[in-house]
């Protein structure tokens, strides 16, 4: 029995480490921003974050590929309070 979709490390030759979640390749948001900031030092981090956020929203269509594991506990607490 598992707690959810399996994730595995995928080899990455250029850029932040890639993991596979639910048959999708993913990278940690902070790692991507840091990598882009190093690659484009003349662009402010806030601009890189804004572009990355906008593109993530467009790419994902508002659906989350993954969420912090701690979210599970918070949702369970809210659902338990409803009973």
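No value in this document is a laboratory result; all are computed from the given coordinates. Everything numeric in this text was worked out from a predicted model, so none of it was measured. Methodologically, a virtual Cβ is constructed for each residue, glycine included, from the backbone with ideal geometry; neighbour enumeration extends over all protein chains shown.
Along its three principal directions, the equivalent ellipsoid of the range 7-82 from the Cα gyration tensor extends over semi-axes of 28, 17, 11 Å, largest first. Protection proxy ranking for 27-38, 61-72, 45-56, using the average of other Cβ atoms within 10 Å per residue and placing the highest first: 27-38, 45-56, 61-72.
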